[in-house]
Amino acid sequence: MEAPLYPDFPPGPATPRGGPPTLWVGPRHLAGDDGRLYDAVADPLTGLGWTSLTIVRGRHEPEEVPEDRQVVRSTVLHISPDTRCWAQWCLADEPFRLGDLPIAWQISARAEASSPLAQWSAYFTPDVPGEAVVEFLLALDARDQPTGPLAGPDLVLDAVAVHGWLRDPDEPQTAASDPTFTTHLSLGEVPPLIQDGDPRSLAGGLHEPGPYGWQAWSEPAVGARCLWAASFSSGVLHDLVAVFADALSSTAPVLRRRLPESTRDRLLRAPTC
């Protein structure tokens, strides 16, 4: 499907020679991450003054010549200037999975720099639109206190309602979907392995309900593999989730060169010039 989006938009960056054309694409919650989710998030963090740490791992066998040495370099951790927040790029280190998808970014915060444990964590798989993750991090960086009392969950649902998303008729206080019912946002029990300062996240038994947190995912077709998923532990402030939800559901198009195969036919596209 091809259709002009926002014809008054200024021209975007020039298309590199031999590369795919750059397009304005919408809706953004189906637009994927353009295959550059690491750079899309890491570059703004560098601009905010977050420190990047690189772990170098490898193995050296006796009598091994230097060119055969096995070395893995992965930039895995970005730490805020006050050290209370950090963002870890997980794909380089065999991450656990959220549903059927690997975790790409894990973002965590603690109340005090001296605390050894995160108060909460948020998780994003590949193809989460980088614009939404960046807005979440910008809001986190701007806060004086990354943990604290939770505002009401209505902030999150109001953020997507402004962009035409629909509240679930059965759960109007805790769930909403985009108008095509491909992308969903829900406040419910968090999946396994989601880390949080709430002791219930560690102590819950097999048949005991765990803590609640926000979940978001995009399912292009019923029963099909999700395009992406995001999970927020119970301690993530609702106002931060609302910032993510607002950016995710925004009707403003985004620049993309690579389109997800599963949603390509659902996207509106316009050239940048």
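Is it true that residue 81 is in a loop (DSSP other than H, G, I, E, B), at pLDDT 95 or above and closer than 30 Å to residue 140 by Cα? Spelling it out, residue 81 is indeed in a loop (DSSP other than H, G, I, E, B), at pLDDT 95 or above and closer than 30 Å to residue 140 by Cα. Listed conditions (1) modelled with pLDDT under 80; (2) open to solvent by 70 Å² or more (accessible area, probe 1.4 Å); (3) within 29 Å of residue 227 (Cα to Cα); (4) not charged (D, E, K, R) are all met by residue 60, apart from (3).
Looking only at residues in the stretch 85-100 that are modelled with pLDDT of 95 or more and not aromatic (Phe, Trp, Tyr), which one is nearest to residue 236 (Cα to Cα)? Spell out how you get there, then give the answer.
From the stretch 85-100, those modelled with pLDDT of 95 or more are 85-87; that's our starting set.
Right, trim to not aromatic (Phe, Trp, Tyr) and you get 85, 87.
Working: 85: 12, 87: 14 Å.
Across the stretch 85-100, the extreme among qualifying residues is 85.
Under 19 Å from residue 236 (Cβ atoms) and open to solvent by less than 80 Å² (accessible area, probe 1.4 Å): does that describe residue 130? Yes; evaluated as a whole, the condition is true for this residue. Among the numbered conditions (1) under 28 Å from residue 95 (Cα atoms); (2) open to solvent by less than 80 Å² (accessible area, probe 1.4 Å), the only one that residue 153 does not meet is (1).
Which one of these is at pLDDT below 95 and among the aliphatic types (A, V, I, L, M): 237, 248?
From the options 237, 248, the qualifying one is 237.
Taking the criterion of being more than 30 Å from residue 196 (Cα to Cα) and not in a loop (DSSP other than H, G, I, E, B), the residues of the stretch 232-273 that qualify are 254, 255, 256, 264, 265, 266, 268, 269, 270, 271.
Please determine, by comparing only the residues of the stretch 223-234 that are within 19 Å of residue 189 (Cβ to Cβ) and surrounded by 22 or more Cβ atoms within 10 Å (Cβ to Cβ), which one is modelled with the lowest pLDDT.
Keep residues of the stretch 223-234 that are within 19 Å of residue 189 (Cβ to Cβ), which gives 226, 229-234.
Now restrict to residues that are surrounded by 22 or more Cβ atoms within 10 Å (Cβ to Cβ): 229-233.
On the way: 229: 97, 230: 97, 231: 96, 232: 96, 233: 93.
The selected residue is 233.
I need the full set of residues from the stretch 133-192 which are in a strand (DSSP E or B), more than 26 Å from residue 37 (Cα to Cα) and touching a residue at least 12 places away in the same chain (Cβ under 8 Å), in order please. I'd like the intermediate steps shown before the answer.
Going residue by residue through the stretch 133-192, those that are in a strand (DSSP E or B) are 166-167, 175-177, 183-189.
Retained after the next criterion (residues that are more than 26 Å from residue 37 (Cα to Cα)): 166-167, 175, 188-189.
Hits for the stretch 133-192 are 166, 175, 188, 189.
The number of residues in the stretch 90-109 that are more than 23 Å from residue 145 (Cα to Cα), hydrophobic (A, V, I, L, M, F, W, C) and surrounded by 15 or more Cβ atoms within 10 Å (Cβ to Cβ) comes to 7.
The values are calculated or read from the model by the stated rules, or taken from the named source; none is laboratory data. Being a predicted model, the structure only gives us computed values, none of them experimental. Cβ coordinates were reconstructed from backbone atoms using ideal geometry, including for glycine residues, and neighbour counts include every protein chain displayed. For the accessible areas, the whole protein counts, side chains as well, though only heavy atoms, and no ligand, DNA or RNA atoms are used. Shrake-Rupley method; radii C 1.70, N 1.55, O 1.52, S 1.80 Å.
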